[in-house]
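The values are calculated or read from the model by the stated rules, or taken from the named source; none is laboratory data. These numbers were taken from a predicted model, which means no experiment stands behind them. Glycine also receives a Cβ, built like all others from the backbone with ideal geometry; neighbour counts cover every protein chain displayed. Keep in mind that these areas ignore ligands, DNA and RNA; they rest on the heavy atoms of the full protein, side chains included. Shrake-Rupley method; radii C 1.70, N 1.55, O 1.52, S 1.80 Å.
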Amino acid sequence: MTGLASTFRTLAVAAAAGLLAVTGAVAAPAPPASAAPEPKAPREFVALSSVDRTIVQEMRYTTAHNFVGEPIDGYRQPLCILTRPAAEALHRAQVRLLARGYTLKVYDCYRPQRAVDHFVRWAKDLEDERMKEEFYPLVAKSRLFADGYIAEKSGHSRGSTVDLTIVRLPALPTRAYVPGEALTECYGPREERFPDNSVDMGTGYDCFDTRSHTDDPRIQGAQRANRQLLKGVLADQGFVNLPEEWWHFTFKPEPFPGTFFDFPVARRSVAGH
């Protein structure tokens, strides 16, 4: 009986194949393979809020208020993620600033490679200048790569670099940006720039201008003192400033000095760490 049943099954398959050939019917396609799961952060990464809840977070790239003019790829939630040594060093700096009546505020922390790729695509699109008036009023967009404002790799993607500023306590919230609103130069007088609850650093965040250089000689008085306060308190905890950007600091030694990660900025990326 077993042999007979096998013969019947073979004949049935052959008949079905012949029917398809005669009628022109097409077999149903195989179901698509499931999408690969999103990468997660190594255990050395943490949400900054799990180390210090007092540091203000204003994550600009989850919003349209940035030099691109739209939320950036890979930023799923307004969350600062860093390597644990960098987060703990920020906590130590925060303790010292709180004692002086200030708090740190972070604008950007870990940045996935897909976000950097988004910047690169935008920079190559010379027609898109919707945010030029605020963020790069004096720089031709065609010069952004040559002048070093945009690159295909970023230290942020290694997880120990942070963009930040100082806010005097009590920290009042910064108003939300309204897409399409009138823009003003990022290096203009404080009362004319987009409002920010931080102390006056002489320019806004992500200002593509030489006045953003930490020691630019045109920045004097209280503005220069504020930059030096930020630089000094972070240097004491192992952070090194990028001279071209007063807001940009990297913790040394970096746990991942040669690795550029691409997990999304989201709580699930560091869940359980």
#### Entry: Enumeration of residues in region 249-259 that are more than 13 Å from Pro42 (Cβ to Cβ) and open to solvent by 30 Å² or more (accessible area, probe 1.4 Å)
Lys252, Pro253, Pro257, Gly258
### Message
Can you tell me how many residues within region 104-144 are within 24 Å of Glu44 (Cβ to Cβ) and either in a helix (DSSP H, G or I) or among the hydroxyl-bearing types (Ser, Thr, Tyr) (or both)?
### Response
7
### Task
Return the only residue of Arg111, Arg96 being modelled with pLDDT of 95 or more and within 25 Å of Pro264 (Cβ to Cβ).
Arg111
### Message
Step by step: first the residues of region 89-104, then only those that are of a type outside the set (A, V, I, L, M) and farther than 14 Å from Ala235 by Cα, then the one that is surrounded by the fewest Cβ atoms within 10 Å (Cβ to Cβ). Which residue is that?
### Response
Gly101
### Message
Go through (1) open to solvent by less than 30 Å² (accessible area, probe 1.4 Å); (2) in contact with a Phe, Trp or Tyr (Cβ under 8 Å, 6 or more places away or on another chain) for His273 and report which single condition fails.
### Response
(1)
### Query
What residue, among those in region 43-71 that are under 18 Å from Leu104 (Cβ atoms) and among the charged types (D, E, K, R), is most open to solvent (accessible area, probe 1.4 Å)?
Arg53
#### Entry: Subset of region 145-181 (residues that are assigned to a loop (DSSP other than H, G, I, E, B), in contact (Cβ under 8 Å) with a residue 40 or more places away in the chain and open to solvent by less than 20 Å² (accessible area, probe 1.4 Å))
Ser154, Gly159, Ser160
